[in-house]
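Heads up: the structure comes next, in structure tokens.
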Amino acid sequence: MSVIEEKLKHLPENPGVYVMQDQNGQIIYVGKAKNLKNRVRQYFNAGVKTDKVMAMVNNIADFYYIIVPSEIDALSLENNLIKKHKPRYNILLKDDKTYPYLKVNLKDTFPTFSVTRKIKKDGAKYFGPFMGGISVKDVLETVNLVFGVRPCDKALNPEKKIKPCLNYHIKKCSAPCAGLESITEYRERVMRAVDFLSGDTQDTEKLLTAKMVEASEREEFELALKYRESLKGLEKIKLKRITALNKFLNADVIAYRANGIYSTVNILFVRNGRMLGGKNFSFESAALSDADALSEFILRYYKKDSDIPDEIVLEEELPDASVIEKYIKDNYQKSITILCVKQGVRRQLVDMAGVNAEEHLGTAVDKIKHKTDMTVTACAALKEKLNLTNYPHRMECYDISNVSGVDKVGSMVVFIDGEADRDSYRRFKIKTFEGADDYRSHQEMMRRRLDRLTTDPEKFPKPDLIIIDGGKGQLSSVREVFDEKGITDIDLIALAEREEEIFKVGESSPIILEKRDYCLKMLQRIRDEAHRFAITYHRTLRGKRALSSVLDRIYGLGKVKKRALLDKFKDLGGIINATEDQLKTVDGIGEKQAKLIIQKLKEEGLK
């Protein structure tokens, strides 16, 4: 009797999480269950299963499970384990393009609107996301043009008046900085802009039309043209309005389609009753049912500080909908309702999402197959071609960057099943010696990395394959560290860029793969990514050193103030471009200090 058959006999009926492993002990799937006994047995019982589920089952060599108190605990643990191990048969969504929003903090004395791509719990109001042909910059231009809201982000003091800038003279601002408008009058403008962004376009249209006519009568034709362009943009926003929907409705409409191996999801975004656009995802999933796959997708897609709607509208019931609602509320402090609709305008939207998902499935299959060839299939082939001990599930690549031994840095980039895992990238400052020495730099970096296998295995799990950017010399130097640490179960190779030669420990001749080989292309991707990451870090350090050198020569500027300047302006360029008023918004920088900074930058020829 096999290990699996024996374990199946003793499965408990408790809620929990089950973890499937292949013959190498690699985690290939993580799932949750209300009843572990019923759920896990489904994988091994005879019955109709998708091709993808069968492929996954055929790779299962063992499994284990973790009992938890409740279904919500199972869901939470499942989510954490998937994020940690990134199993190949689970739905793994990469960070996608984040759509822009308009932000305003009404707690400010003179609030201003700005573009952002990240929603924070900071008390500000956010409007968006803007997509589907609606430009966030055009909307911001309309807000500033129509309502006279100031376009700058200067910190204003109502007690201290300053001279109005060009924006006032070209009628883009009401100049509250110069005391030409009271706090109450300015706030009325801001609130009208808020009403417009909340969906009330009627008053804005009237106001724009009146301003266009007035500008034309004054023969200010350039300004009139701007008003006309804003009216055209307003028409786009109006066309997105779904009249049968409540104008305050914020919902994501989601449809799922699968063909047994590949799956797609389409999301339509409705904000303030307006259709803002949609998004398609394609992936491979070994979930037992469409409902399971959709539940897993929702949990992967929504995360902290993302734009979570009030409603998620689906075309079929989710058995664990209430558990997902509670999980999102507990973890992201957002109350949502998951709906399954059968009729009405929401049903029409679901049907529309279904058509989009179906269409995307037809066009995405070849792309998914190509991606699989470039990643998972290439990893399996690499194991055979290089005669590796392990399947290279987790690959780490290392590179060094410096100029004449100054600001020496190392990079570690990570690929999971052939795809970049950017959350796991790490940077190293080379500290133990002076001057340039590529071999010693690699050794220092590798010692620190291998030490973390025992001191911090959660953040630094054991890799299956380590790739060094370099040739025989770099490989030998790292091998010395492996021998020193007694490491024998991690594969080690080097990739020399010039001829794309692959060097293995103990082999004098390099391995040459064909230029079009997907294995070589995968190794090139990870090597180039390590190189890019190292150079980026090196330039950052060099820029900070240059900044620190300049700031050190300014009287009275200590470590705390320098850090505050960096936190505010990010780099030397940001400080160079800052005005005196902007410098004074930094903690500890008064008028005298701001003038000294500007004067010093001018003396250095930087301003």
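The values are calculated or read from the model by the stated rules, or taken from the named source; none is laboratory data. Note that the coordinates shown come from a computational prediction; the quantities given were computed from them, not determined experimentally. As a convention, Cβ positions derive from the backbone with ideal geometry for all residues, glycine included, and neighbour counts pool all protein chains shown. Note: accessible area is taken over every heavy atom of the protein model, side chains too, but ligands, DNA and RNA are not part of it. Shrake-Rupley method; radii C 1.70, N 1.55, O 1.52, S 1.80 Å.
Within the stretch 244-272, restricting attention to residues that are open to solvent by 40 Å² or more (accessible area, probe 1.4 Å) and aliphatic (A, V, I, L, M), which residue is modelled with the highest pLDDT? Among those residues, the one meeting the criterion is Ala258. Number of residues in the stretch 85-108 that are modelled with pLDDT of 85 or more and either basic (Lys, Arg) or touching a Ser or Thr at 6+ places or on another chain (Cβ under 6 Å) (or both): the value is 4. Among the criteria (1) in contact with a Leu (Cβ under 9 Å, 6 or more places away or on another chain); (2) exposed (fewer than 15 other Cβ atoms within 10 Å of the Cβ); (3) in a helix (DSSP H, G or I), the one Thr454 does not fulfil is (1). All but one of (1) among the aromatic types (Phe, Trp, Tyr); (2) under 17 Å from Met395 (Cα atoms); (3) out of contact with any strand residue (DSSP E or B) (no Cβ under 8 Å at 6 or more places or on another chain) hold for Phe482; state the number of the condition that does not hold. The failed condition is (3). Answer yes or no: is there a residue in the stretch 462-476 that is over 30 Å from Ile91 (Cβ atoms), of a type in the set (Asp, Glu), in a strand (DSSP E or B) and in contact with a His (Cβ under 6 Å, 6 or more places away or on another chain). No, the conditions are met nowhere in the stretch 462-476. In the stretch 122-144, of all residues being of a type in the set (A, V, I, L, M, F, W, C) and modelled with pLDDT of 75 or more, the one that is surrounded by the fewest Cβ atoms within 10 Å (Cβ to Cβ) corresponds to Ala124.
In the stretch 10-98, counting only helices (runs of 4 or more DSSP H) that sit wholly within it, none holds 1 or more residues that are within 31 Å of the chain's Cα centre (by Cα), under 15 Å from Ser285 (Cα atoms) and of a type in the set (Phe, Trp, Tyr). Select from the stretch 17-35 the residues that are farther than 30 Å from Pro463 by Cα and open to solvent by 50 Å² or more (accessible area, probe 1.4 Å) and list them in ascending order. Matches in the stretch 17-35: Lys34 only. Filtering the stretch 574-607 to residues that are surrounded by fewer than 16 Cβ atoms within 10 Å (Cβ to Cβ), under 26 Å from Lys163 (Cα atoms) and modelled with pLDDT under 75 leaves Gly574, Asn577, Lys602, Leu606, Lys607. In the set Val413, Val376, only one residue is closer than 20 Å to Phe503 by Cβ, of a type in the set (Val, Ile, Thr), buried (at least 17 other Cβ atoms within 10 Å of the Cβ) and within 25 Å of the chain's Cα centre (by Cα); that residue is Val413. Checked against (1) under 29 Å from Arg39 (Cα atoms); (2) open to solvent by less than 10 Å² (accessible area, probe 1.4 Å), Asn331 passes all but a single condition, namely (2).
Identify the residue in the stretch 273-304 that is part of a loop (DSSP other than H, G, I, E, B) and open to solvent by less than 30 Å² (accessible area, probe 1.4 Å) and, among all such residues, is nearest to Leu36 (Cα to Cα). Restricting to residues being part of a loop (DSSP other than H, G, I, E, B) and open to solvent by less than 30 Å² (accessible area, probe 1.4 Å), the top hit is Ala287. Checking the conditions here, which among Thr372, Thr389, Thr377 is under 22 Å from Asp517 (Cβ atoms) and modelled with pLDDT under 90? Exactly one of Thr372, Thr389, Thr377 is under 22 Å from Asp517 (Cβ atoms) and modelled with pLDDT under 90, namely Thr372. Taken together, the residues in the stretch 312-328 that are in contact (Cβ under 8 Å) with a residue 40 or more places away in the chain and open to solvent by less than 80 Å² (accessible area, probe 1.4 Å) amount to 8. When we screen Glu181, Glu159, Glu185 for residues that are at pLDDT 80 or above, of a type outside the set (A, V, I, L, M, F, W, C) and more than 18 Å from Ser114 (Cα to Cα), the only hit is Glu185. Do we find that Ser477 is open to solvent by less than 30 Å² (accessible area, probe 1.4 Å) and polar (S, T, N, Q) in this structure? Here the answer is yes, as Ser477 does meet what is asked.
The single condition among (1) closer than 20 Å to Gly410 by Cα; (2) open to solvent by 60 Å² or more (accessible area, probe 1.4 Å); (3) outside any loop (DSSP other than H, G, I, E, B) that Asp483 does not satisfy is (1).
Looking at the stretch 350-373 only, could you name the residues that are hydrophobic (A, V, I, L, M, F, W, C), surrounded by fewer than 17 Cβ atoms within 10 Å (Cβ to Cβ) and under 24 Å from the mean Cα position of the chain (by Cα)? Matches in the stretch 350-373: none.
Spot the failing condition for Ala291; the list is (1) at pLDDT 85 or above; (2) farther than 17 Å from Gln348 by Cα; (3) in contact with a Ser or Thr (Cβ under 8 Å, 6 or more places away or on another chain), and only one is missed. Here Ala291 clears every test but (3).
Kindly establish whether Leu339 is open to solvent by less than 10 Å² (accessible area, probe 1.4 Å) and either under 27 Å from Gly25 (Cα atoms) or at pLDDT 90 or above (or both). So Leu339 fails the test.
Evaluated against (1) open to solvent by 40 Å² or more (accessible area, probe 1.4 Å); (2) in contact with a Phe, Trp or Tyr (Cβ under 7 Å, 6 or more places away or on another chain), Thr488 falls short on exactly one condition, (2).
Filtered by the rule that a residue be assigned to a loop (DSSP other than H, G, I, E, B) and in contact with a Lys or Arg (Cβ under 6 Å, 6 or more places away or on another chain), the stretch 332-381 gives Ser335, Val341. Within the stretch 506-539, restricting attention to residues that are open to solvent by less than 60 Å² (accessible area, probe 1.4 Å) and of a type in the set (Asp, Glu), the residue that is farthest from Glu419 (Cα to Cα) is Asp517. For the stretch 425-451, the tally of residues that are part of a helix (DSSP H, G or I), over 18 Å from Thr488 (Cα atoms) and open to solvent by 20 Å² or more (accessible area, probe 1.4 Å) stands at 3.
Contact map, the stretch 47-63: residues that are of a type in the set (Val, Ile, Thr) paired with residues that are surrounded by 14 or more Cβ atoms within 10 Å (Cβ to Cβ), Cβ distance under 6 Å, separation 6+ or inter-chain. Pairs shown: Val53/Ala286; Val57/Tyr43; Ile60/Met20. Within the option set Asn80, Asn14, Asn105, Asn38, being surrounded by 14 or more Cβ atoms within 10 Å (Cβ to Cβ) and without any contact (Cβ under 8 Å) to a residue 60 or more places away in the chain holds for one residue only, Asn14.
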